[in-house]
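These notes concern the structure reproduced below.
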Ligand code: FES
Ligand code: FES
């Protein structure tokens, strides 16, 4: 799922979760990741195929076109939602996603998807 878009830390297409925080994988030395828990986009879908709320929201809001940036966008968005929770608004999403570049969508539907998923994740966390 993670893609090489630039290999210089600018595009975010390589973003993965490392010990609970999103990181640009191209900026992490292998030795720095030794013993770490790493999750890629493949690891957020449940075993029965149920999509993560962010995957669902991207699909429903058409938050992607070619999809090249999407795994990185979603892995960054998970971190954003976890850090901001109920304080998440459009301006915050746009600012936080500055490190993830999309050449196709114009970002509008990506932002809508993240805000929608943030609401769903809050509900499901409250239910746990
Ligand atoms: Fe672009 Fe890593 S490949 S930030
Ligand atoms: Fe094509 Fe974002 S959907 S780069």
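Using Cα springs under 10 Å in a Gaussian network model of the chain, which residue among 50, 15, 39 shows the largest mean-square fluctuation?
Of the options given, 50 has the highest mean-square fluctuation.
Can you classify region 69-124 as rounded, prolate or oblate using the Cα gyration tensor, where a ≥ b ≥ c are the square roots of its eigenvalues, rounded means a/c under 1.5, and otherwise it's prolate if a/b beats b/c and oblate if not?
prolate
If you project the alpha carbons of region 1-53 onto the principal axes, what extent comes out on each, in Å, largest first?
35, 25, 14
Sum -39500 (n - 2.57) across every DSSP H segment of at least 4 residues in the chain, then divide by the residue count to get the 222 nm mean residue ellipticity, nearest 500.
That comes out to -12500 deg cm²/dmol.
Treat region 1-116 as a sphere of radius equal to its Kirkwood radius over Cα pairs and apply Stokes-Einstein at 20 °C in a medium of 1.002 mPa s; give the translational diffusion coefficient in µm²/s, rounded to a whole number.
Using the Kirkwood radius from Cα pairs, D works out to 150 µm²/s.
Every number in this text was worked out from the coordinates using simple rules, so none of it is lab data. For clarity, every value in this text was computed on a predicted model and none was experimentally measured.
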